[in-house]
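Participant: Sharing a structure below in structure tokens format, with a few things to ask.
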Amino acid sequence: MAGLMEAITSLAKRRGIAFQSSEIYGGLRSSWDYGPLGVELKRNVKDAWWRSMVQLRDDVVGLDAAIIMSPRVWEASGHLEVFTDPLVECLNCHQRFRADHLPGVHAPQSGHEEDETTVDMHERPTCPNCGHHDFTDPRNFNLMFKTHMGPVVDEANAVYLRPETAQGMFVDFVTIQSVSRKKVPFGIAQIGKSFRNEITPGNFIFRMREFEQMEMEFFVEPGTDEQWHDYWIEQRRRWYLDLGLREENVRLREHDADELSHYSKRTVDIEYRFPFTDWGELEGIANRTDFDLKQHEKFSGQDMTYFDQDRDERYHPYVIEPAAGVDRALLAFLIDAYREEEAPTAKGGTEKRAYLALSRELAPVKVAVLPLSRNERLTPEARAVFDLVKAEWMCDYDDAGSIGRRYRRQDEVGTPYCVTVDFDTLEDRAVTVRERDSMAQERLPVANLVTYLAERL
Ligand code: GAP
């Protein structure tokens, strides 16, 4: 299925969805830029998550915490000590690799994102670069990006770019609980950048060093945590399916005991059938217990308990954490939506049509307005139609090239509706609306256009 990935990355680059960062300098393998259509798509993924996790609920509130937090946070969370991957160097070509990603190496987990990994290097793995078999012993390499706060570059001023957004929710737990006046069970949600100095980034936007997460920490009474965990696993699985991922391409995978993160009692991953890894992690849903709140209480000296008025007692809530990646979700939606088919042409033949069957909610552009040709009588008419729809949805106006080619361009980026303004429009005040997947066309009065689209979008 390598062809599918090539089609996706080429489409993403050609149409400016996502491409290498700093490309004029040869690119930076692990950083990617989202162009005009990518920005819209990414925003739609984040908005869909926020709508389902915050807006439609009365038990989850939002947070936008700083990326650079006190370095004590990472001592307390355990990241300074155990957020490592095993790094080895080939003794022949001196390339560096993540030991548990080398072919032939046994590691207790695959596709695992976080926490210390132990590997057995006695199975003589092969260097993917030069084919030799001799490596240095694995050494634990901390994945956090380190920098310095202020003008003095010394250890006392060392700070880290956050490797997960979650810690913001833990350190602000008491403040958010009191200002929101929420009672347990309730959650705090955040979307934002995280940074990990991955040894082997790759597979387009699947594994990056700078990426975005959508995480929610749901605080519950101890003893109710297992039911809440099951509840969130199902909620999150549904979210991907409701946004269009095909059920056969999504599965749940229970972490084995030896791959659980240091904070987790149980973790279930939602995996997607990525063409390059077979199954790869989209999201992890962990039962983090009271580990983080207790650690922060220990390291900060602040009381991190919750006062339960109904029970008249204080306790450390347990935490259920659905942790998703924006970029990975976006990649899965792109892959799943990609379709190729033979479509009829105006001249009676057929030609290959590639289109993105993205859900209406995710499509970067909802409506394209296309005057039949660039013409002084049609342009004002088409502009007026554009003004009508752009107030409601993200729209595109395109009058360059043949109408067939313009349809294909919109299909390729998943635009659900194209509205064509032709010479008859000048007489009958009607336009032709073409639907992306069926290519069915319908003629309707301009006066009904917004209502027609609103019913379908
Ligand atoms: N707070 C828990 C946590 O961060 P994780 O499984 O390490 O858990 C959550 O990360 C999600 O973030 C992953 O399921 C994945 O979607 C995304 N993610 C993690 N590392 C990533 C990377 N290097 N590039 C892109 N996305 C990544």
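The values are calculated or read from the model by the stated rules, or taken from the named source; none is laboratory data. The structure displayed is predicted, hence computed values, not measured ones. When we count neighbours, we look across all protein chains shown, and the Cβ atoms used for this are built from the backbone with ideal geometry, even at glycine. In case anyone asks, the SASA skips ligands and DNA or RNA and just uses the protein heavy atoms, side chains included. Shrake-Rupley method; radii C 1.70, N 1.55, O 1.52, S 1.80 Å.
Participant: Suppose a student asked you for the relative contact order of the stretch 227-365, using Cα pairs under 8 Å spaced at least 6 residues apart; what percent would you report?
Facilitator: Relative CO of the stretch 227-365 lands at 20 percent.
Participant: From the square roots a ≥ b ≥ c of the eigenvalues of the alpha-carbon gyration tensor of the stretch 131-189, which class results: rounded (a/c under 1.5), prolate (a/b over b/c), or oblate?
Facilitator: Working: a/c = 5.03, a/b = 1.78, b/c = 2.82.
Oblate is the answer for the stretch 131-189, as a/c is 1.5 or above yet b/c matches or exceeds a/b.
Participant: Would you mind checking the tilt of helix 36-50 against the longest principal axis of the Cα atoms of the chain, expressed as 0 to 90 degrees and rounded to 10?
Facilitator: Around 60 degrees separate the two axes.
Participant: Let me ask something else about it. Compute the accessible area per residue over the stretch 1-109, keeping the other protein chains in place, probe 1.4 Å, unit Å².
Facilitator: Result: 49 Å² per residue.
Participant: Same structure again: Sorted by accessible area with a 1.4 angstrom probe, largest first, how do VAL105, VAL220 fall?
Facilitator: If we order VAL105, VAL220 from most to least accessible, we get VAL105, VAL220.
Participant: With a/c under 1.5 counting as rounded, go ahead and sort the stretch 1-77 into rounded, prolate or oblate using the C-alpha gyration tensor (a ≥ b ≥ c being the square roots of the eigenvalues; past the cut-off, prolate if a/b is larger than b/c, else oblate).
Facilitator: Verdict is oblate for the stretch 1-77.
Participant: Given H placed 1.01 Å from N in the peptide plane, which residues other than close sequence neighbours of GLY187 have an amide H under 5 Å from its amide H?
Facilitator: VAL60, VAL61, PHE219
Participant: Moving on to the next point. State the Cα centre-to-centre distance between the stretch 58-101 and the stretch 437-457 in whole Å.
Facilitator: 49
Participant: Related question: Could you tell me the relative contact order of the chain? Use alpha-carbon pairs under 8 Å, at least six residues apart, and round to a whole percent.
Facilitator: Over the chain, the number comes to 13 percent.
Participant: Per residue of the chain, what 222 nm ellipticity follows from adding -39500 (n - 2.57) for every DSSP H run with n ≥ 4, rounded to the nearest 500?
Facilitator: It lands at -8500 deg cm²/dmol.
Participant: Next question, about the same structure. Listed highest first by mean packing, meaning other Cβ atoms within 10 Å per residue, what order do 71-77, 228-234 come in? Can you show the working numbers first?
Facilitator: Details: 71-77: 19.3, 228-234: 17.3.
Taking the mean over residues of other Cβ atoms within 10 Å, the ranking is 71-77, 228-234.
Participant: Could you do me a favour and compute the accessible area per residue for the stretch 316-447, 1.4 Å probe, result in Å²?
Facilitator: For the stretch 316-447, the solvent-accessible area averages 42 Å² per residue.
Participant: Also: How much of the accessible area of the chain, in percent, comes from carbon and sulfur atoms when a 1.4 Å probe is used?
Facilitator: Roughly 49 percent, rounded to a whole number.
Participant: Give me the Kirkwood hydrodynamic radius of the stretch 390-432, using the inverse of the mean 1/r over all pairs of distinct Cα atoms, in Å to one decimal.
Facilitator: 11.7
Participant: Kindly provide the trypsin sites (Lys or Arg not before Pro) of the stretch 125-190 that DSSP labels as loop, not H, G, I, E or B, and whose Cβ sees at most 10 other Cβ atoms within 10 Å.
Facilitator: Here the sparse-neighbourhood loop sites are ARG181.
Participant: Next up: Determine the distance separating the Cα centre of the stretch 234-277 from the Cα centre of the stretch 398-427; give it in Å without decimals.
Facilitator: Computed from Cα coordinates, the inter-centre distance equals 39 Å.
Participant: Hey, what's the stretch 161-287 come to in accessible area per residue, 1.4 Å probe, Å²?
Facilitator: 36
Participant: Straight distance only, please: which lysines reach the Cα of LYS390 with their own Cα at less than 25 Å, same-chain residues fewer than 8 apart left out?
Facilitator: Excluding near neighbours in sequence, the set is LYS42, LYS46, LYS366.
Participant: Continuing with the same structure: Not counting ligands, DNA or RNA, and with a 1.4 Å probe, what is ARG273's accessible surface area in Å² rounded to the nearest 10?
Facilitator: About 100 Å², rounded to the nearest 10.
Participant: Got a number for the accessible area of SER402? Probe 1.4 Å, square angstrom, nearest 10.
Facilitator: Counting only protein heavy atoms, SER402 exposes about 60 Å² to solvent.
Participant: Check each of the chymotrypsin sites (Phe, Trp or Tyr not before Pro) in the stretch 159-199 and keep only those in coil by DSSP with at most 12 other C-beta atoms within 10 angstrom; list them in order.
Facilitator: none
Participant: Still on this structure, I have one more. Using the basic label-point model (7 angstrom from Cα toward the beta carbon), what is the GLU248 to ASP424 distance in nanometres?
Facilitator: Rounded to a tenth, the inter-label distance reads 4.0 nm.
Participant: Can you list the cysteines of the chain that have no other Cys Cβ under 4.7 Å away?
Facilitator: Cysteines lacking a close Cβ partner in the chain: CYS395, CYS418.
Participant: Among rounded, prolate and oblate, which fits the stretch 120-272 when a ≥ b ≥ c are the square roots of the eigenvalues of its C-alpha gyration tensor, a/c under 1.5 means rounded, and a/b larger than b/c means prolate?
Facilitator: Oblate, since a/c reaches 1.5 and b/c is not below a/b.
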